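**Q** I am attaching a structure below and will ask some questions about it afterwards.
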Amino acid sequence: MKIHIKGGRLIDPRSGVDANKDVYIAAGKIVAIGDAPNGYTANRVIDAAGLVVCPGLVDLAARLREPGFEYMATLESEMEAAIAGGVTSLACPPDTDPPLDEPGLVEMLKFRAKNLNQARVYPIGALTQGLKGKRLTEMAELVDAGCVAFSQADAPFADTQVLYHALQYAATFGFPVWLRPQDPALAQHGVAHDGQVATRFGLPAIPVCAETVALSMILILARKTGARVHLARLSSAEGVEMVRQAKREKLPVTCDVAIHHAHLTEMDIGYFESNSRLDPPLRSQRDRDALRAALADGTVDALCSDHTPVDEDAKQLPFAEAEPGATGLELLLPLTLKWAEESKMKLVLALARITSDPARVLGVDAGHLTTGHAADICIFDPERYWKIEPQALKSQGKNTPYIGLELKGKVRHTLVDGQVVYEF
């Protein structure tokens, strides 16, 4: 299939290009940008006038819920959600059932995802067996099976020595380790930020120091071992400042922020709104503003959807008992555009946080538009509003704090390997 994407505003954050240029695709690859190659005849022309043509989005945290949690979502439903959101590459955490701690499980997930011929899936392997925090997995075998990094997801370590040995081993072989900084003792039983809302509502709280104490330990061990560490889903101003200082020291650390935390605060809990029950919790406006500033100056490397589909029964519970998480694959683009507009960010810089920058963190060849490389492309209308309603979401999880709101930015076409896998 030869496809000519005509008349669009081409934005490629990696090269800094932001101009009206045509894109020419053949045999799954971009064969030219700007002028057509000699003798090129398209089988299909996509009129992108008034639309933005950018690299397919790269998401660093999307729970696909398989294997084990098919009652919450299926691989089919969440891959549909991914391409509807313009996401062409995504990393899935290891907290499935069973966890992604054996090569066979990883190979099965990769095989099923590949057969769907939609978004590219990059599994994050379990750092310890069964995510129990005691014995390390066979990391080399998991890498051979397709894992690109290792994580405990939200599961704690049995003790700090296990984490130390994990980082030593990972550093020896150059394996990246992804960790969400949260001290389990300080956070236990907590469901909301330790602030005025939790106090007023009598909710068990998670203090900011639950993040910073764990973060301090991780950074000390990263400094000691030299391991490449990615800090997943920072939520606080103090945490961001610690990462900023670590980067000044040239420590090999990267970090991301969930898209919900770039917009919402503890006040959005409202009257026990369980769709705002997230982990880490929504924090203060000061924290939210610090996250936004760190995204703008590059201290935070990437925005992720932190996509966590939850079944309706688990959300229709009292706030403290509700399952944490929100659906996000289809909202990553419009919420990024909303942040860019409110922060007066250039679109090319904002899109970098969901394309080229997360691709760099993942260590994969994605998130850019380059001649000779795979045509993974998102074409979207930056001015079209759409209402966030359950029936408008492809994901099986309809749990989002944004239900009923109108957001600007609608994906019109998604291409993976030069094939149109979604169009609206």
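**Q** What's the longest uninterrupted piece of the chain once you rule out the GluC sites (Glu not before Pro) that are loop residues per DSSP with at most 15 other Cβ within 10 Å? Walk me through the intermediate numbers first.
**A** On the way: sites that count: Glu70, Glu138, Glu249, Glu273.
Result, exposed sites excluded: 274-424.
**Q** Which one, Ile403, Val420, Met1, is farthest towards the positive end of the dipole of the chain when Lys and Arg carry +1 and Asp and Glu -1 on their Cβ?
**A** Met1
**Q** How large is the charge dipole for the chain, taken about the Cα centre, if only the Cβ atoms of Lys, Arg (+1) and Asp, Glu (-1) carry charge, to the nearest 20 debye?
**A** Charge dipole, the chain, about its Cα centre: 1080 debye, nearest 20.
**Q** Write out the trypsin sites (Lys or Arg not before Pro) in segment 273-370 meeting two conditions: DSSP loop, and at most 14 other Cβ atoms within 10 Å of their Cβ.
**A** Working: sites: Arg277, Arg283, Arg286, Arg288, Arg292, Lys315, Lys338, Lys344, Lys346, Arg353, Arg360; in loops: Arg277, Arg283, Lys344, Lys346, Arg353.
For trypsin sites (Lys or Arg not before Pro) across segment 273-370 that sit outside H, G, I, E and B with at most 14 neighbouring Cβ atoms in 10 Å, the list reads Lys344, Lys346.
**Q** What shape does segment 281-331 take by its C-alpha gyration tensor, where a ≥ b ≥ c are the square roots of the eigenvalues and a/c under 1.5 counts as rounded, a/b above b/c as prolate, and the rest as oblate? Display every interim value, and only then the final one.
**A** Working: a/c = 4.33, a/b = 1.85, b/c = 2.34.
It is oblate, given that a/c is not under 1.5 and a/b is not larger than b/c.
**Q** In what sequence, largest accessible area first, do Thr370, Thr137 appear using a 1.4 Å probe? Intermediate results must be reported in sequence, preceding the final value.
**A** Working: Thr370 40, Thr137 10 Å².
Descending order: Thr370, Thr137.
**Q** Expressed as an acute angle from 0 to 90° and rounded to the nearest 10, what is the orientation of the C-alpha long axis of helix 237-248 relative to the principal long axis of the chain?
**A** So the helix axis and the longest Cα principal axis differ by about 70 degrees.
**Q** Related question: Answer rounded, prolate or oblate for the chain, using the Cα gyration tensor with square roots of eigenvalues a ≥ b ≥ c: rounded when a/c is under 1.5, else prolate when a/b is larger than b/c, else oblate.
**A** Numbers: a/c = 1.61, a/b = 1.36, b/c = 1.18.
Cα axes put the chain in the prolate bin.
**Q** Moving on to the next point. Report, to the nearest whole %, how much of the accessible area of segment 323-389 belongs to carbon and sulfur atoms, 1.4 Å probe, protein only.
**A** Numbers: 1120 of 2340 Å².
Its accessible area is 48 percent carbon and sulfur atoms.
**Q** Roughly what angle does helix 285-297 make with the longest principal axis of the chain, taking Cα atoms, 0 to 90 degrees, to the nearest 10?
**A** 40 degrees
**Q** Can you list the chymotrypsin sites (Phe, Trp or Tyr not before Pro) in segment 186-278 that are in a DSSP coil and have 15 or fewer other beta carbons within 10 angstrom? Write down the numbers at each step before the final one.
**A** Values: sites: Phe201, Tyr271, Phe272; in loops: Tyr271, Phe272.
Taking segment 186-278 and a limit of 15 other Cβ atoms within 10 Å, the loop chymotrypsin sites (Phe, Trp or Tyr not before Pro) found are Tyr271, Phe272.
**Q** Helix 209-225 versus the longest principal axis of the chain: what angle, 0 to 90°, nearest 10, using Cα atoms?
**A** It is inclined by approximately 80 degrees.
**Q** Name the residue from Asn20, Tyr40, Ala61 whose Cα lies farthest towards the positive end of the charge dipole of segment 2-64, charges +1 on Cβ of Lys and Arg and -1 on Cβ of Asp and Glu.
**A** Highest projection toward the positive end goes to Ala61.
**Q** Could you let me know the centre-to-centre spacing of segment 165-239 and segment 11-76, using Cα atoms, in angstrom?
**A** For segment 165-239 versus segment 11-76, the Cα centre distance is 34 Å.
**Q** Also, I was wondering about something else. Give the separation of the Cα centroids, segment 244-315 to segment 348-392, in Å.
**A** Each part reduced to its Cα centre gives a spacing of 19 Å.
**Q** Quick check on segment 84-228: take the gyration tensor over C-alpha atoms, sort the square-rooted eigenvalues as a ≥ b ≥ c, and tell me if it's rounded (a/c under 1.5), prolate or oblate.
**A** On the way: a/c = 2.21, a/b = 1.37, b/c = 1.62.
Cα axes put segment 84-228 in the oblate bin.
**Q** If you roll a 1.4 Å probe over the heavy atoms of the protein chains, what accessible area per residue do you get for the chain, in Å²?
**A** 39 Å²
The values are calculated or read from the model by the stated rules, or taken from the named source; none is laboratory data. What you see is a predicted model, and the numbers here were worked out from it, not measured in a lab. Neighbour counts run over all protein chains shown; Cβ positions are idealised from the backbone, glycine included. The area values use the complete protein model at the heavy-atom level, side chains included, leaving out ligands, DNA and RNA. Shrake-Rupley method; radii C 1.70, N 1.55, O 1.52, S 1.80 Å.
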